[in-house]
Structures are given as structure tokens and as C-alpha cells.
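Each remark here refers to the structure printed beneath this line.
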Amino acid sequence: MRSADNRITAAVRARNAAGQGAFVPFLVIGDPDFETSLVLAKALVQAGADALELGFAFSDPPADGPVIQRADERALAAGITPPRAFDLIEALQKTHAIPVSLLVYYNLVLQFGVDAFYARAAAAGVDAVLVADLPPEHAADAVRAAKRHGVAPVFLASELSPPARLERIAALAEGYVYALARVGVTGEQRAIDPNLAAALERMRAATDLPLLAGFGIGGPAQALAARRAGADGVIVGSAIVRRVADHLDDRPAMIEAVRATAAALADAAHAPIEPKQKSPMPSGAVPC
Amino acid sequence: MRHTGTFGRFGGFYVAEPLIPALEELESAWIEARDDPEFAGALAGLLRDYAGRPTPLYRSPALSEELGCAVYLKREDLLHGGAHKTNNTLGQGLLAARMGKTRLIAETGAGQHGVATAMIGARLGLDVKIFMGSLDVARQAPNVQRMKLFGAEVIPIDNGSGSLKDAINEAMRYWTEHIRDTFYVFGTAAGPHPYPSIVRDFQRVIGEEIHAQLHAAHGRGPTAVIACVGGGSNAIGAFARFIDEDTALIGVEPGGHGVDTGKHGATLGAGRAGCLHGSISYVLQDAHGQIHEAHSISAGLDYPGVGPEHAHLMASGRAEYISATDDEALDAFAWLSRREGILPALESSHAIAGARRIADRFGPDDVVVINLSGRGDKDLAHAMAALDAREAAR
């Protein structure tokens, strides 16, 4: 197993060892343009990110809510392509040794060439790749390529995934498991799904990998709630990407808003919390 | 999932994790319903008494003369709702009710599938939401009015290009958010497994009737079946019965301004294999995999993807896919109206145009069936304006 030395796994474990949670903010590469998104990525690192999740813009992203759809549209309008997106990651790695996970849709991987995609990802300094619309049943080619090139294949797990499915996901996954904090698409929510704690407990029974909660973490309060529910860290997308959209006319204000938002989220994610109480719910129960 | 839903190297279920349990639930319900005589009886009753099946198989003198052989039209235009879409929505609607779902959602382009979904929603007392690109809402006002009369909520989609593919994306998002009580009535033989198989099974009645009616009328099966292909539901329904026989299967894609102009919807003719809306099939896309807009005079064929079974039928050489341009379809629309007093949908006009284009292939012993998938009343304003503009340009 290579997962033990994956940089993301190590970064999350280091936080957890100190009683803290990991903070993994998300940006769409090339939003609002190539240069600015590189500056934004660096601002996220300075704000306390333990790793970055970086999205490849896609014309038809059905797992994404409106905030990230708009970001994809802006990035595509500004000319981003997968080869350019890899260039940005490479440029970022030259100045900031930050672990990077990619979020992509499968058609971009297919058209790049599955093996070539993971080879290029590894060369650019990518640690992990989540293909949002690639379930484990169809992931054989991608997982083989990922492992060949030393990139961790990441999978989504939801509260609706029954234990047998979680086992299947765990058998393929490396790096971390992306624990869906809500059943739905990306976008900020005011409250954490009440089923998250039980879902995380079931995932924990299936895997030793870190569990990073994402989708719907709207702000520091939800980040803290996800930690209390048992997540090893949080992934936050729309709440950060929204700051880009809010300041399209003013780059310095955009960068500062992204930095400040990320810093507040990092504080919440990193705050030490009491050890989690045992959930009263039996770990095998499936709410459905 | 009990099956992977693959057709050769195409198909599958490429969706995010939250949708998997919903697709599994749907697959199980469909497999059980298929084998349940009570479900089959209820569907057959609705198809007969509510929708008007069987639809006639009509021998067209004008087309027979034009192609130099016996040509029959399968009159899906006479089905309740005005198109073959009703076959599928009655089936999926009954499946939804059987699964205890209380809300139907659907995407629609030209509005025919939206109307057919709103219809069964009204009939079964289910809440209906229809996602429709805002451009299409403007282009297809009569169908929007029909959906609203049937009690459906029509949600205009401004995302992306505001057309059918964006409506599908939005319906998938809504479904992801509401999977516990919502049934997604997918309109064409595309999307993630099990939809391509479910839609084919519910549309298969078209080919079954063609087979029986042609044997009764002509004492033999067809030598060729011709149908238009957008996503491909009417075509797969017409083809399915004949895949294991030696009937020629010919799909006609929308050639738009011409397949070499880039403004068309000929996904099989000019696309590449890719992943869109939950399955691997042919896709109109750029070199990096971003999805292109399709173009067709017919809103119902205006789709940059195509059902995975068609991709397999083409790749394996079992079916052939040709195209007809906007102009050729308009000609066929006017020609059939004038010669037969039958007003075909612009979608179905592509099938007529495709048949005319390859007329020299047929000899006197051939028996050709063209699936007339829908009626053209919905297209009147749009088609008349296009015909007038063409006249003025001459």
C-alpha cells in the first residue's frame, strides 16, 4: 500500500495526531483566469490549507451546484484546458510544496488518454485524483493507471452507500475517502446532514484511510460540525469559489476575500475538539 | 447493480456516488416489473385505451413511388400526445407509482417528452417538474402550455447553452438532491444504465407491431427499417425487434447545415467516443472533451450525445447511420404534407429525407418501413418561417 506515504494522507494524519482536523479548500483551475487562479491557490496555502483540491473545468458538470458551474464556465471562457491546468499545478509546486488532489469528470480523463492523464498528473505533482462520475464498478482502468503512476485514486462515499459498497470503495481507494456531507450536489448548506456521524462511522468500519467531509460545508460552523461528526478533515469548495464570483471586477479584493474566507475555515478545521462520543446508532444501520 | 448496462464498449453508469443507490433501486424495480404479468397488463391496458395502440402501419403510395418499392409508415404520430414518447412515459410512470415515488421529473427539448411525462403525471396523480432549456421554452410555447395545463411545473434552465443537454444536467442535479421521493423519467435511450435498456424495452412495442402488422399486410418482414436518431429512442424501439434478423437498420441523424460545417447533431457520424450524461457513447466534443452544442432545425434531435446501444450497433456494423440536413428535412416536411396529407414532425421528417436520399438502393422486391415518430403540429410556426425564409432567399 502506497497510501501510507501519500502526502495528503500524511498531512491529514499529522493534523489528527495533534487533535486537529485537516483543511482542504477547493478552486477551479483557471477561474477567473490562469494567472489569478495561481495567485489564489497560493493564497489558500498561506491561509492554512493542508492540501488543495483543484477542479478541472468541464462543460457539463452534473455533480456540481450553481457556484462551481459558474466557475467552470469562467475558466473555460478564459481558455483553460487540461494541459494548461497541469501546467498550473506544476508552477504551484515549484514555489509551494502543497499536496494536491484533483477533481475531474471522466470525459476529460478519457480524451486525454487514461494512462497519459495519470502519468501527467504524477509528473505535475498531483497526489490524488477523484473522478466525480466514475463509480468503482467502472474504475478498473483508472485505478490501474493511478497506481502505476503513484497517484492515489479517491472515491466518493455517501450516507446512502451500504456497507458492502463501502467495502468495495475501500478496496480500491487510496489517499483518503471523500465522505459526502450531504446527499446532493456541491453547494453551501446552513446545517450539516444529521446522518453524517452515523455515515462516517460506517465508513470508518470499512477503511483506515482518512475521511474528508465535503459537499455542503458552508462555513466555519459547518466545518466544526463535520469535525464533531467524526470527519478527519473538511473539503470546502463553493464557500470559497463564491468569493471569486463576488469580486470579479477587483482582483486584490478577490484574493483578500478568498484568503480571509479560507483562514476562517482553516481555524475551524484546525480547532482541537473533544474526542467524539460514541454514536448511539448501531454501526450497521442504513438510513434509507 | 445486477448488470453493468454495457453494449459492447459503450453504456455503463458513470454517475456520482449518491445516484448509485437510486439507479440500483430503479434497476431492481424494472427487472421485477418486467416479469410481473400484472404490470404488463396495466401497461398494455393504458397503451391501448388511453394512448391508442396499436398505431396503424400505413402503406404510403407517394413514398412507394418515390423509393420504387413498398414503403410503409409506422404511424406513431397518431399516438396520444402526438409522438412515440408516450410509450416510454406510461411505462416509467407506472414503474414510479409501483416504487412509491411521489414526484416525476423529466428533461425535455422540443417538449414532446415533457408533455408525455406531464400527461402520465396527471393520469396517476403524481407531482411533475419538467426541466427545459430557456431557449426551448421560448421556441416551443404550445408544448409548454400543454405541460402547464396537465399540471406540471416547467422550470426554464439558463445554465450553459440553455438547451436539452443543460436540462438533462439540471434534472440529474435535482434528482441527486431528492432521490428518496423522486423518479427521473428519462426521455431517450441514453443516460446511465438502466435507462437505455428501460427506454428500449418500453419503445420496443413499435417494432413488435411493425413485425406483426407487416406480416398481416404483406406476408413478410421488412427489408429495411428507417428512423430518425437524436438520442435514439424511437429508432431503438423500431429496431429492437429486428436486430437478430437480416433487416437493414438505418438511422438518420440531423445533418443541420451540413456535417462538414460543424453546425449539426450527427453524433454518430461525426462524434468521438466519450462520456456524457452517465454513459460511454459517441459525443460531439472538442479535442479536450468539452461538449459541443448540437444544431438542428428540429429541437428534438438537437443533442450532442446518442444512446449507447446505437453506438454499439454502428461500431459492430449491425446498423447504419446516415444524416439529412435541415434543408432536406424541411423539403420532406413539405413534401409528405403535400403528397399524403400527413404532417410529420421535423424529427420524423429527417427519416423521410434519409429514405429519399438513399432511394436508389431499393428495388421492387424491397419492403421499407419508416418510423413516423411524431406529428408536426408543434413545428408549424418554426417550419413555416423557415420555408418562407428559404423562398425569399431564392
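The values are calculated or read from the model by the stated rules, or taken from the named source; none is laboratory data. Since this is a predicted model, take the numbers as computed values, not measurements. Note: ideal-geometry Cβ built from the backbone for every residue, glycine included; neighbour counts use all protein chains shown. Remember, those area values only see protein heavy atoms, side chains included, never the ligands or the DNA or RNA. Shrake-Rupley method; radii C 1.70, N 1.55, O 1.52, S 1.80 Å.
Computed values, structure above
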{"quantity": "Shielding by partners, peptide B:283-292 (average Cβ within 10 angstrom, other chains)", "calculated": "6"}
{"quantity": "Considering only the protein assembly as shown, percent of DSSP beta bridges that pair antiparallel, nearest 5", "calculated": "20"}
{"quantity": "Simple label model, 7 Å out from Cα along Cβ direction - residue B:320 to residue B:62, nm", "calculated": "2.5"}
{"quantity": "Space enclosed by the convex hull of the alpha-carbon atoms of the protein assembly as shown, per residue, Å³", "calculated": "150"}
{"quantity": "The stretch B:1-48 shape via C-alpha gyration tensor axes, a/c threshold 1.5", "calculated": "prolate"}
{"quantity": "Long-range amide H partners of residue B:127 with built H, under 5 Å", "calculated": "B:104"}
{"quantity": "Overall dimensions of chain A by Cα: Rg and Dmax, Å", "calculated": "17.4, 52"}
{"quantity": "Taking the convex hull of Cα positions in the stretch B:175-261, its mean projected area over all directions (nm²)", "calculated": "8.4"}
{"quantity": "Centre separation in Å (Cα based) which lies between the stretch B:1-34 and the stretch B:290-318", "calculated": "21"}
{"quantity": "The stretch B:134-170 and the stretch B:340-394: distance between their alpha carbon centers, rounded to Å", "calculated": "25"}
{"quantity": "Rg/Rg_ref, the stretch A:27-170, where Rg_ref = 2.2 N^0.38 Å and atoms are Cα", "calculated": "1.03"}
{"quantity": "Compactness of chain B - radius of gyration and Dmax, Cα, Å", "calculated": "19.3, 59"}
{"quantity": "Eligible lysines near residue B:74 by straight Cα distance, threshold 25 Å, same-chain separation 8 or greater", "calculated": "B:85, B:378"}
{"quantity": "Heavy-atom accessible surface that B and A bury in contact, both chains counted, 1.4 Å, Å² to 100", "calculated": "2900"}
{"quantity": "Relative packing of A:139-150, A:5-16, which averages over residues the other C-beta atoms within 10 Å, highest first", "calculated": "A:5-16, A:139-150"}
{"quantity": "Cβ neighbours within 10 Å from other chains - mean over A:164-171", "calculated": "1"}
{"quantity": "Residues whose placed amide H lies under 5 Å from that of residue B:70, excluding near-sequence neighbours", "calculated": "B:366, B:368"}
{"quantity": "Positive-end extreme of charge dipole, the stretch A:7-270 - chosen from A:45, A:79, A:11 (charges on Cβ)", "calculated": "A:11"}
{"quantity": "Pair-distance profile P(r), taking every C-alpha pair of the stretch A:110-243, with 10 angstrom steps and integer %", "calculated": "13, 41, 33, 13, 0"}
{"quantity": "For the stretch B:249-267 and the stretch A:183-215, distance of Cα centres in Å", "calculated": "45"}
{"quantity": "Mean accessible surface per residue for chain A, computed with a 1.4 Å probe while every protein chain stays in place, in Å²", "calculated": "35"}
{"quantity": "Cα convex hull volume per residue for the stretch B:115-178 (Å³)", "calculated": "71"}
{"quantity": "Cα-based equivalent ellipsoid, the stretch A:116-173: semi-axes from gyration tensor eigenvalues, Å", "calculated": "23, 10, 9"}
{"quantity": "Residues in the stretch B:15-51 that, when all protein chains are in place, have 40 Å² or more less accessible area than the chain alone would give (probe 1.4 Å)", "calculated": "B:16, B:17, B:18, B:21"}
{"quantity": "Taking the convex hull of Cα positions in the stretch B:115-251, its mean projected area over all directions (nm²)", "calculated": "10.0"}
{"quantity": "Relative packing of peptides A:25-31, B:200-206 - highest average C-beta neighbours within 10 Å first", "calculated": "A:25-31, B:200-206"}
{"quantity": "Estimated dipole of the protein assembly as shown in Debye, rounded to 20 [Cβ of Lys and Arg +1, of Asp and Glu -1, Cα centre]", "calculated": "1020"}
{"quantity": "Local electrostatic count, residue B:62, Cβ distance below 13 Å [Lys/Arg +1, Asp/Glu -1]", "calculated": "+1"}
{"quantity": "Residue-normalised accessible area of chain B, given per residue in Å² at a 1.4 Å probe", "calculated": "33"}
{"quantity": "Helix-only mean residue ellipticity at 222 nm for chain A, each DSSP H run of n ≥ 4 adding -39500 (n - 2.57), per residue, nearest 500", "calculated": "-14500 deg cm²/dmol"}
{"quantity": "Accessible surface, 1.4 Å probe, highest first, among residues A:174, B:245", "calculated": "B:245, A:174"}
{"quantity": "From phi via Karplus (6.51, -1.76, 1.60), per-residue ³J(HN,Hα) for the stretch A:25-35 in Hz, x at Gly/Pro", "calculated": "x, 10, 9, 8, 5, x, 9, x, 7, 4, 5"}
{"quantity": "Peptides ranked, highest mean first, by Cβ atoms within 10 Å: ranges B:6-17, A:253-264", "calculated": "B:6-17, A:253-264"}
{"quantity": "Carbon + sulfur, % of accessible area of the protein assembly as shown - ligands and nucleic acids excluded, 1.4 Å", "calculated": "53"}
{"quantity": "Residue-averaged [θ]222 nm for chain B, counting only DSSP H segments that reach four residues, each worth -39500 (n - 2.57)", "calculated": "-13000 deg cm²/dmol"}
